[in-house]
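Note sheet for the following structure.
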Amino acid sequence: SATFAGGVGVSENIITGGAVEVQSTTQSTGSSTGALKVSGGLGVGANGNFAGKLVVEDDTQATSVSSASLATSGGMYVTKDAMVGGDMEVTGAVSALYGLTVQHGATISGSSSFSDTADSSSSTTGALTVSGGLGVAKKVNVGDKFAVADNTVATSATSASATFAGGVGVSENIITGG
């Protein structure tokens with residue numbers, strides 16, 4: 001073993017059969033500061049563990065798995081919250097185990113299903129509740145009762161609890177209360 005009171009400069013490779021320990025506690029505030037600075041790339045053949053933050057300074061916009069600031073060939077597990085500052089594209093399925101909150105609009109281009117079987121007894125209960133209006137461009141099929149809570153008295157064909165632009169077909173009885 002050798003001990004040096006000053007620095008050591010090596011112009012070729014350093015190969016060691018044991019561990020390399022850097023005892024400096026200098027914090028890193030960028031890619032050119034810290035206890036260990038590497039001017040070129042870094043290849044690691046096994047696990048890497050970081051006690052502090054991992055910051056990637058590269059700002060490459062993600063357009064594919066091979067063109068991004070951070071890419072992984074395996075899965076990723078995050079114990080705490082994750083934040084995405086731009087758009088997020090998912091090419092596989094998304095599973096939200098404990099709820100999903102969308103702050104702005106969502107566009108879903110495929111069919112969607114809800115497996116919750118909660119029954120509805122008002123406009124604020126059931127497997128799916130909508131705080132605003134609901135616009136539907138095509139047919140609506142209801143598997144059980146259809147109830148309208150609004151009690152507007154009909155004064156014309158366009159002023160009532162339920163209005164229809166076309167005719168109404170009924171296969172069974174109609175009972176009116178007024």
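Read-outs: derived from the displayed coordinates by stated rules, not from any lab. Remember, predicted model here, so these are calculated numbers, not experimental data. Cβ: placed from backbone, ideal geometry, glycine included. Neighbour counts: every protein chain shown.
What FRET efficiency, computed as 1/(1 + (r/R0)^6) with R0 = 45 Å and r the Cβ-Cβ distance, is obtained for SER161 and VAL44, rounded to the nearest 0.05?
Values: r = 68 Å, r/R0 = 1.51.
For SER161 and VAL44, the calculated efficiency is 0.10.
Separation of region 1-69 and region 124-150 by C-alpha centroid, Å?
Taking the Cα centre of region 124-150 as reference, the centre of region 1-69 is 58 Å away.
Show me, for region 109-116, the HN-Hα J-couplings you get by feeding each phi into the Karplus relation (A = 6.51, B = -1.76, C = 1.60, θ = phi - 60°), rounded to Hz, glycine and proline as x.
8, x, 6, 10, 9, 10, 8, 5
Can you find, among VAL168, PHE114, GLN103, the residue sitting farthest towards the positive end of the charge dipole of region 54-178, where Lys and Arg contribute +1 and Asp and Glu -1 at Cβ?
VAL168
At a Cα cut-off below 18 Å, give the aspartates and glutamates reachable from LYS37, other chains included and same-chain residues fewer than 8 away excluded.
GLU12, GLU21, GLU57, ASP58
Assuming a viscosity of 0.890 mPa s and a temperature of 25 °C, what translational diffusion coefficient in µm² per second does Stokes-Einstein assign to region 31-120, Rh being the Kirkwood radius over Cα pairs?
Details: Rh = 17.9 Å.
Translational diffusion coefficient: 137 µm²/s.
Let's see if you can work this out: charge +1 on each Lys and Arg Cβ, -1 on each Asp and Glu Cβ, no other charges. What is the dipole magnitude of region 21-88 about its Cα centre, in debye to the nearest 20?
Details: 3 positive and 6 negative charges, 37 e Å.
With only Lys, Arg, Asp and Glu charged at Cβ, the dipole is about 180 debye.
Let me know the charge dipole size of the chain about its Cα centre in debye, to the nearest 20, where only the beta-carbon of Lys, Arg (+1) and Asp, Glu (-1) is charged.
On the way: 6 positive and 13 negative charges, 24 e Å.
The dipole of the chain has a size of about 120 debye.
Kirkwood Rh, Cα Rg: Rg to Rh for the chain? Present the calculation step by step, with values, prior to reporting the outcome.
Numbers: Rg = 31.5 Å, Rh = 25.2 Å.
For the chain, the value is 1.25.
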